[in-house]
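Colleague: Following this message is one structure expressed as structure tokens.
The values are calculated or read from the model by the stated rules, or taken from the named source; none is laboratory data. Note that this is a predicted model, so its numbers are computed, not measured. Cβ placement follows ideal geometry from the backbone for every residue including glycine, while neighbour counts extend to all protein chains displayed.
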Amino acid sequence: MSVMDYDEVYRSSRPPWQIGGPQPALVPVLEDEVRGPRVLDAGCGQGDLAIELARRGFEVTGFDISAVAIDQARAKAAAAGVSITFGVQDATRLSLPAASFNSIFDSGLLHSLHRIGPDQVDAYLAQLPVVAAPGGALFIVAVSVEAGEGWGITEDFLREAFGPPWWTDTTVEPVRVTAMPEGESPLSLHAHLLRTVRT
Ligand SMILES: C[S@@+](CC[C@H](N)C(=O)[O-])C[C@H]1O[C@@H](n2cnc3c(N)ncnc32)[C@H](O)[C@@H]1O
């Protein structure tokens, strides 16, 4: 699969994953399960999840490979009156302080890298235990292989990727991801919600 030009996507249209707020599957996590104070939103896009986390009082950092998305996220955060550290970064070679985040969210990043190939996935998976604080929580929402259309993430893959020695208490729950392609009816895609804890 070719690498998507995310800048072009964010510049020219409303991307289908831009649904005006965090993915509904994350609501129970946001209500009860976020560990603070420092929270990372990986592949934050236009920042709706990061903004919701900041509204809830967390110290939020968000990064995305798209400079256009980060500009849009900064504008949205300013309009919402919250302070968030946003930066342009590639998830496969992060420059973030080690062992620093008490919660990490990935809403749609891992599944995007999975469509590109195993090298991207492996490089990203190697970064996560570095930036997670010991005892920190990781939450991933990823469209699953059951959604068809070239999506490939399975429960077995997630359980293998998030096991010892770096991760413990891993659970994988079936959920739905909402997508809203422009000019079409909203889609509800089969997905996984992974919860795990850095050892
Ligand atoms: C499906 S979108 C999800 C955006 C946002 N998290 C949300 O839930 O609306 C995937 C995001 O990952 C970003 N992305 C893709 N590859 C990346 C990489 N290597 N490093 C950082 N961000 C990346 C894209 O720019 C895009 O914003």
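Colleague: I need the helices (runs of 4 or more DSSP H) fully contained in the stretch 1-86, keeping only those with at least 2 residues that are more than 8 Å from the ligand (Cβ to nearest atom) and surrounded by 15 or more Cβ atoms within 10 Å (Cβ to Cβ).
Modeller: 27-32, 48-55, 67-80
Colleague: What residue, of V82, V141, is under 21 Å from L26 (Cα atoms) and touching a strand residue (DSSP E or B) at 6+ places or on another chain (Cβ under 6 Å)?
Modeller: Testing whether each residue is under 21 Å from L26 (Cα atoms) and touching a strand residue (DSSP E or B) at 6+ places or on another chain (Cβ under 6 Å) leaves just V141.
Colleague: Does V39 qualify as being under 14 Å from the mean Cα position of the chain (by Cα), over 23 Å from P186 (Cα atoms), touching a residue at least 60 places away in the same chain (Cβ under 8 Å) and not assigned by TED's automatic domain parsing to the domain that holds S188?
Modeller: yes
Colleague: Which of the residues belonging to the stretch 167-199 are free of Cβ contacts under 8 Å to residues at least 24 places away in the same chain and touching a Leu at 6+ places or on another chain (Cβ under 8 Å)?
Modeller: V172, E173
Colleague: Filter the stretch 96-140 for residues that are of a type in the set (D, E, K, R) and within 12 Å of the ligand (Cβ to nearest atom) and give the result.
Modeller: Scanning the stretch 96-140 gives D106, R115, D119.
Colleague: When residues of the stretch 101-124 are filtered for being surrounded by fewer than 15 Cβ atoms within 10 Å (Cβ to Cβ) and touching a residue at least 60 places away in the same chain (Cβ under 8 Å), how many remain?
Modeller: Of the residues in that region, 2 qualify.
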